[in-house]
Amino acid sequence: MPLPPLPDSAITVGAHASDWREAVELAGEALARSGATEEGYAARMIQVIDEYGAYIVIAPGLALAHARPGPDVLTDGLSVVTLAEPVVFGHPHNDPVGVVIGLAVATPDAHVTSVAELANIFNDPGAIPALAGAADVAEVQRIMAASGEGATP
């Protein structure tokens with residue numbers, strides 16, 4: 001199963017966030033803007049971090065914000081937010097974070113396969129720095145598509 005689409009509306013480049021909550025909110029706003037979720041999904045992603053901690057910081061500089069499937073998920077979706085200044089999530093090894101990936105899935109099976117596909121992208125050690133330094137939406141899509149089928153619209 002390929003990754004969900006990554007339309008232009010789901011990408012924010014060079015965003016400013018004062019803390020991890022605002023960074024996750026930006027990822028949630030991008031998911032909602034793309035039509036994948038309703039506005040309340042961002043609050044659920046933040047609640048997951050409040051409850052379980054910074055385990056979503058899956059690699060140095062990269063957070064994978066997500067929540068369980070729910071009625072606020074309209075379709076599987078992906079968002080990418082790059083931050084002008086990295087923020088601290090509280091992870092002991094992978095902070096600070098400069099790239100936040102938002103993931104919304106409609107079924108538990110889609111969650112597992114989407115995470116596996118994202119892992120394929122980030123197996124490339126240059127992927128995270130390339131995303132963090134991306135100058136525009138097209139460059140983000142190019143980087144995501146280079147290793148993950150279906151990552152472009």
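The values are calculated or read from the model by the stated rules, or taken from the named source; none is laboratory data. These numbers come from a predicted model, not from an experiment. Neighbour counts are summed over all protein chains in view; Cβ atoms, including those assigned to glycine, are modelled from backbone coordinates with ideal geometry. Ligands, DNA and RNA are excluded from the accessible area calculation, which covers all protein heavy atoms including side chains. Shrake-Rupley method; radii C 1.70, N 1.55, O 1.52, S 1.80 Å.
If you take all other residues with their beta carbon under 14 Å from the beta carbon of Ile49, and give Lys and Arg +1 and Asp and Glu -1, the sum is -3.
Would you mind finding the longest exposed-site-free stretch of the chain, with exposed GluC sites (Glu not before Pro) meaning DSSP loop and at most 14 other Cβ atoms within 10 Å? Answer from the scan: 40-148.
The alpha carbon centroids of region 1-53 and region 111-130 are separated by 17 Å. The convex hull around the C-alpha trace of the chain, projected and averaged over every direction, spans 7.5 square nanometres. Using a probe of 1.4 angstrom and keeping all protein chains present, the accessible surface of region 1-121 works out to 43 square angstrom per residue. Calculated translational diffusion coefficient of region 8-76 (20 °C, 1.002 mPa s; Stokes-Einstein with Kirkwood radius over alpha-carbon pairs) equals 174 µm²/s. Only Cα pairs under 8 Å and 6+ residues apart enter the sum, and on that basis the relative contact order of region 1-133 stands at 30 percent. Between Asn120 and Val48, the contour length at 0.36 nm per residue exceeds the alpha carbon distance by 23.5 nm. Each residue of region 125-142 was assigned a 3J(HN,Hα) from its phi angle through the Karplus expression (A = 6.51, B = -1.76, C = 1.60, θ = phi - 60°), giving x, x, 5, 5, x, 5, 5, 4, x, 4, 8, 7, 4, 4, 5, 4, 4, 4 Hz with x at Gly and Pro.
Under a 5 Å amide H cut-off, with hydrogens placed 1.01 Å from N, Val57 pairs with Leu64 among residues at least 5 apart or on other chains.
3J(HN,Hα) along region 54-71: 8, 4, 6, 7, 8, 7, x, x, 10, 10, 10, 7, 6, 8, 5, x, x, x Hz, from the Karplus curve 6.51 cos²θ - 1.76 cosθ + 1.60 with θ = phi - 60°, whole Hz, x for Gly and Pro.
Per DSSP helix of 4 or more residues, -39500 (n - 2.57); summed, then divided by the residues of the chain. What does that give at 222 nm, rounded to the nearest 500? When only DSSP H runs of four or more count, the value is -11500 deg cm²/dmol.
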